[in-house]
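Asks: There's a structure below that I have some questions on.
The values are calculated or read from the model by the stated rules, or taken from the named source; none is laboratory data. Bear in mind the structure is a predicted one, so any value in this text is a computation, not a measurement. Please note: Cβ atoms are built from the backbone with ideal geometry, for glycine as well, and neighbour counts cover all protein chains shown.
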Amino acid sequence: MMKSDDLSGGAATGGVVSGVWLMIRLAFRVLTTRVALHTLPLPSTIRLVTPRRPRRGPKRDQKAVEKELELVQMMTGLLAGGNCLVRALVGLRALRLHGYDARLRFGVRKVGSELEAHAWLENEDGLRLDAAATAGGYVPLPPIAQGGR
């Protein structure tokens, strides 16, 4: 179980306040990403909800980013029914805002007579959101241009 201090690395009171604000920001990002995916084409949604490239300057501590990605996983489960594309887009935004880059990947697998699709992130620094995707038998599709860029 994640403690509130784990979300920000701060002291008891400051950590709780920072953790609450982080959860509010992530909830807003999850909900706006869901709306964008239902109303806009995918390339437009990607451009709207994710920074074009990682923030310049020093990268944020990797452990803090991993904890934020865990929170992204939890919030998308609660507010987006675990939608993998929402999770990947919100996670991509979080990574890029903290100076890390990642690739939005799509894959497919055949289950019986059905074809299932999945979205996840891959990152060269070892930060992964939904790393079980390829272990789940999804065959990665060729990378797409990120938002037409």
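Asks: Give the residues of region 43-54 that are modelled with pLDDT of 90 or more and either among the polar types (S, T, N, Q) or surrounded by fewer than 15 Cβ atoms within 10 Å (Cβ to Cβ) (or both), sorted by residue number.
Replies: 43, 44, 45, 48, 50, 51 - these are the residues of region 43-54 that are modelled with pLDDT of 90 or more and either among the polar types (S, T, N, Q) or surrounded by fewer than 15 Cβ atoms within 10 Å (Cβ to Cβ) (or both).
Asks: Let me ask something additional. Of the residues 121, 127, which is at pLDDT below 90, buried (at least 16 other Cβ atoms within 10 Å of the Cβ) and under 21 Å from residue 40 (Cβ atoms)?
Replies: Every option except 121 fails the conditions.
Asks: Pairs needed: first member in region 136-149, modelled with pLDDT under 75 and surrounded by 14 or more Cβ atoms within 10 Å (Cβ to Cβ); second member anywhere, not hydrophobic (A, V, I, L, M, F, W, C) and not in a loop (DSSP other than H, G, I, E, B); C-beta distance under 6 Å; at least 6 residues apart or different chains.
Replies: 147/43; 147/47
Asks: Another question about this same structure. Residue 52 - would you say it is outside any helix (DSSP H, G or I) and touching a residue at least 60 places away in the same chain (Cβ under 8 Å)?
Replies: In short, yes.
Asks: A further question follows. Looking at region 80-103, can you tell me whether even one residue there is assigned to a loop (DSSP other than H, G, I, E, B) and of a type in the set (Phe, Trp, Tyr)?
Replies: The answer is yes, given that some residue of region 80-103 is assigned to a loop (DSSP other than H, G, I, E, B) and of a type in the set (Phe, Trp, Tyr).
Asks: Specify the residue that is surrounded by the most Cβ atoms within 10 Å (Cβ to Cβ); the eligible residues are those in region 62-82 that are under 10 Å from the mean Cα position of the chain (by Cα) and of a type in the set (Asp, Glu).
Replies: Checked region 62-82; the qualifying residue surrounded by the most Cβ atoms within 10 Å (Cβ to Cβ) is 68.
Asks: Is it true that some residue in region 96-104 is surrounded by 18 or more Cβ atoms within 10 Å (Cβ to Cβ) and under 17 Å from residue 141 (Cα atoms)?
Replies: Within region 96-104, one or more residues are surrounded by 18 or more Cβ atoms within 10 Å (Cβ to Cβ) and under 17 Å from residue 141 (Cα atoms).
Asks: Here's another thing I want to ask about it. Inspect all residues belonging to region 63-74 and state whether any of them is at pLDDT 90 or above, in contact with a Pro (Cβ under 7 Å, 6 or more places away or on another chain) and more than 18 Å from residue 140 (Cβ to Cβ).
Replies: No, the conditions are met nowhere in region 63-74.
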